[in-house]
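S.K.: Following this message is one structure expressed as structure tokens.
The values are calculated or read from the model by the stated rules, or taken from the named source; none is laboratory data. None of these values were measured; they are calculated from a predicted model. Glycine gets a Cβ as well: all are built from the backbone with ideal geometry, and neighbour counts include every protein chain shown.
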Amino acid sequence: MTSLRVSLSRRPPVDEQPIEIVERKGIGHPDTIADGIMERVSLELNREYLRRFGGLLHYNADKSLLAAGVTEPAFGGGKVIEPMLIVFGDRATTSLAGEVIDIDEVVRRAAKSWIRENLRFVDPDLHVRYQVEMKQGSAELTDIFRRGSKVMGANDTSAAVGYAPLSRTERVVLDVERFLNSKDFKRSFEETGEDVKVMGSRYNNKLDLTIALAFVDRFISSESEYFRRKDEVMERVNSFLKENYGDQFESMEVYLNTLDVRGRGVGGVYLTVLGTSAEGGDSGQVGRGNGVNGVIPLMRPRSSEAAAGKNPVSHVGKIYNLYAYEIARKIFEEVPQVREAYVWLLSRIGHPINEPTLIAAEVSTESSLEELKNQIEEILLREISRIDRFVERLIDGEVPVY
């Protein structure tokens, strides 16, 4: 029996609170690389199982470590001394009815394709090593896939939360990273790598942004050129902010690569060989990066589950984590009186995923909750009844996960 709860939020919407801190790790950040690769592994396993057996088999590919390599950056171009290492852990079905699946090959193919598509300067054959440690799953969890249910049973007792809408600070942090990693920006600033991190802090209506942006050494001939190009990047970012957010904040201050110190040569600038700190400075891990809505919102409740790499038909750590945001967006869009909505979903292991133990919504509104409660409950029940359609979108990779 599903418990349905709708309540009134006692806190003001985040946009109206005095302090807000939001982070976004870009596509070349080591943690985002780990998320991206393991989600690609998940999609490749979906395709392989569907092609061979007509349905998904048990797997979870959400345990991974990206161990940093060793490089020697230099003005005009440095060198890679030791490649990065990706360790793939967790579980996957390796055979069925006597037919063996080459999990090792599927995993490596998935990782290399993601790297080629997202990291311009990383050669997946030269700059990365791969260690696949994915083993057969536990008997009971694997048996979930053989029980013949149209809707799969949850493979864990887990909770997730989602919210809508994004705050101004969340939008600007997300948009600035996407701008810095856009094709148009990279055409103008080819010397900037994909490793971008944006930290936004708002106090009342004043916004500060601290940006870390890797520069690629082969395009930078000297320290003076580095600082000249850095200044040009700053100008472009400030123009982007003024054009898109100039009327939304009282002031906006931007800081870029604040560890830099003039006069220290390579040791005083953020210079990389491959455009990512994973080449030599920082390791990465699934689940330490962005939430499924693309940001790390420190003032909001967040799920503890990493969605990337989990199977999309029974693992509620993925399904509920993503679906809670979608349901919250539906409430915000369909009920105009709602200023902010939170949705919680709680599963019980073995119970069908369309029968959560609890569905709860918390809304901010100036209207009477009694006037809105029935409409919100209808949205909750309608959306949970459609979860099978959402699962199909997850299987096909149509829902962004990181």
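S.K.: Being surrounded by fewer than 20 Cβ atoms within 10 Å (Cβ to Cβ) and among the hydrophobic types (A, V, I, L, M, F, W, C) is the filter here, so list the residues in the range 342-371 that pass it.
M.R.: Selection gives LEU346, ILE349, LEU358, ALA360, LEU369.
S.K.: Now for a different question. Just checking, does the range 122-132 include any residue being modelled with pLDDT of 95 or more, crowded, with 21+ Cβ neighbours inside 10 Å and either within 23 Å of the chain's Cα centre (by Cα) or closer than 30 Å to MET299 by Cα (or both)?
M.R.: So far as the range 122-132 goes, yes, one or more of its residues are modelled with pLDDT of 95 or more, crowded, with 21+ Cβ neighbours inside 10 Å and either within 23 Å of the chain's Cα centre (by Cα) or closer than 30 Å to MET299 by Cα (or both).
S.K.: Looking at GLU105 and the list (1) assigned to a helix (DSSP H, G or I); (2) within 24 Å of GLY26 (Cα to Cα), which single condition is not satisfied?
M.R.: With respect to (1) assigned to a helix (DSSP H, G or I); (2) within 24 Å of GLY26 (Cα to Cα), GLU105 is out only on (2).
S.K.: Would you check if ARG91 is surrounded by 14 or more Cβ atoms within 10 Å (Cβ to Cβ), free of Cβ contacts under 8 Å to residues at least 40 places away in the same chain and more than 19 Å from the chain's Cα centre (by Cα)?
M.R.: So ARG91 does not fit the description; no.
S.K.: Starting from the range 1-25, keep only residues that are in contact (Cβ under 8 Å) with a residue 60 or more places away in the chain, then list their pairs with residues that are among the hydroxyl-bearing types (Ser, Thr, Tyr) and part of a loop (DSSP other than H, G, I, E, B) whose Cβ atoms are within a distance under 7 Å, requiring at least 6 positions of separation or different chains.
M.R.: THR2/THR357; SER3/THR357; VAL14/SER167; ASP15/SER167; GLU20/SER167
S.K.: Looking at ASN311, ASN238, ASN257, ASN244, which is the one that is out of contact with any Gly (no Cβ under 9 Å at 6 or more places or on another chain) and on the phi > 0 side of the Ramachandran plot?
M.R.: Residue meeting the stated conditions: ASN257.
S.K.: Within the group ARG47, ARG5, which residue is more than 26 Å from GLN285 (Cβ to Cβ) and surrounded by fewer than 20 Cβ atoms within 10 Å (Cβ to Cβ)?
M.R.: When all the criteria are applied, what remains is ARG5.
S.K.: Could you please give the count of residues in the range 51-63 that are outside any loop (DSSP other than H, G, I, E, B) and surrounded by fewer than 14 Cβ atoms within 10 Å (Cβ to Cβ)?
M.R.: 2
S.K.: Can you name every one of the helices (runs of 4 or more DSSP H) wholly within the range 153-271 that holds 3 or more residues which are acidic (Asp, Glu), more than 19 Å from the chain's Cα centre (by Cα) and exposed (fewer than 14 other Cβ atoms within 10 Å of the Cβ)?
M.R.: 223-245
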